[in-house]
Amino acid sequence: MNILVCGGAGYIGAHMCMQLAASGHGVFVFDNLSTGHAEAVRWGELIQGDLTVTGDLDRAFKRQNYSAVMHFSAKSLVGESMLHPELYYHNNVTGTLNLLDAMVRHDVKALIFSSSASVYGTPAYSPIDEQHPKAPINPYGRSKLMVETMLADFDAAFGVRSVSLRYFNAAGADPGGVIGEDHDTETHLIPNVLKSVLQPEAHSLRIFGNDYDTPDGTCIRDYIHVVDLCGAHMKALDYLLQGGKTEAFNLGNGKGFSVLDVINAAQKVTGQDINYSIQARRLGDPAVLVASSTKAKSTLGWTPKYTDLNKIIETAWRWHRTQHA
Ligand SMILES: NC(=O)c1ccc[n+]([C@@H]2O[C@H](COP(=O)([O-])OP(=O)(O)OC[C@H]3O[C@@H](n4cnc5c(N)ncnc54)[C@H](O)[C@@H]3O)[C@@H](O)[C@H]2O)c1
């Protein structure tokens, strides 16, 4: 099958292309390279274009007949979204609306969308299941929820069926070390910890708050390995192509790890002492964010394989070390 991978030059999208190609699919990447990298497009053709430009999308859809679209493209920096909401609604919401319009025009009726735990906002209970109230607390999260709402409407009106996968914290890298997480502005904990080991002078590690109501006082998050995320997309693709209905699923490891757990595991994996400073809490950071992925397991038959924190960090470390060398 031919799959159009929007955002396939980015961190998760590139890992997806690798898995799709390994399963024998034709891979076509649509990306504007705003945060992605042309060098990461190694398992398919790059169609350079922007979701906000209708002509670019028509060019991509005329290139090939696609069985489905996987949509990873987004701006995804929470802090930036609070300062510049207009960029987030334009790129993430208008861009996706253009994509959906193009899918209808070109008769492609299956979409897998990268949603986010941010659609839930501050947790009312833990672990978070899909029934949890959706009350995002920043424009990034609201842009994801708006897209999910549009997806339901496009199914009702045009029969575009979709799966929204609400990722918790994506982490790790291809275990072979070929690709990994390469964001110019890095906000994710694990790469920041590893960068502080490799380049302590350029990357000082800061922890935001150690007075939360958690066992060690630091925030607890659910780290899900990028290879497991992509595995869930493969299952979602089968689900949609077998006629599955429009649905949303959480994707998490089900285990929470604190910031200090991550630092201790990274010390073990790298064999280095890790220095950090404690800063004030960031606005809007909940103490604990952990997913219930029971629905993805029972409906899609998905099981994460990289549930061990050391293993997740080992794969990321292999990639970061190669990059540094
Ligand atoms: N990384 C995480 O922990 C995480 C967690 C929850 C949800 N997500 C979502 O998963 C998706 C992928 O995340 P990532 O970490 O790989 O991000 P990324 O920034 O590495 O990848 C996004 C890709 O989309 C492309 N892109 C952005 N806007 C575009 C546009 N208008 N037209 C064409 N291409 C465009 C970028 O160039 C980039 O290649 C995003 O939608 C993100 O919001 C990520």
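Every number here is computed from the coordinates shown, using simple stated rules; none is lab data. Since this is a predicted model, take the numbers as computed values, not measurements. Counting neighbours? That spans all protein chains shown, and the Cβs are built from the backbone with ideal geometry, glycine included.
Some points to look at:
- Overall, the ratio between the Cα radius of gyration of the stretch 177-218 and 2.2 N^0.38 Å, rounded to two decimals, is 1.41.
- Positive-end residue, the stretch 191-325 charge dipole about Cα centroid, Cβ charges, pick of Leu241, Ser292, Trp302: Leu241
- Under the convention that each Lys and Arg Cβ holds +1 and each Asp and Glu Cβ holds -1, the size of the dipole of the stretch 1-129 around its Cα centre is about 260 debye.
- Computed magnitude of the charge dipole of the chain (debye, nearest 20; Cβ of K, R +1, Cβ of D, E -1): 480 debye
- Sorted by Cβ neighbour density within 10 Å, fewest at the top, the residues Leu111, Leu145: Leu145, Leu111
- Rounded Å value of the spacing that divides the Cα centres of the stretch 288-325 and the stretch 150-186: 14 Å
- Furthest towards positive pole of dipole, Val226, Leu205, Asn275, structure part the chain, Cβ charges: Val226
- Square roots of 5 times each gyration tensor eigenvalue, C-alpha, the chain, largest first, Å: 31, 22, 19
- Net charge contributed by nearby residues that have their C-beta within less than 10 Å of Tyr212 (K/R +1, D/E -1): -3
- Lysine pairs with alpha-carbon atoms under 19 Å apart, the chain, spacing 8 or more or separate chains: 21
- The stretch 55-208, dipole about Cα centre (Lys/Arg Cβ +1, Asp/Glu Cβ -1), debye to the nearest 20: 220 debye
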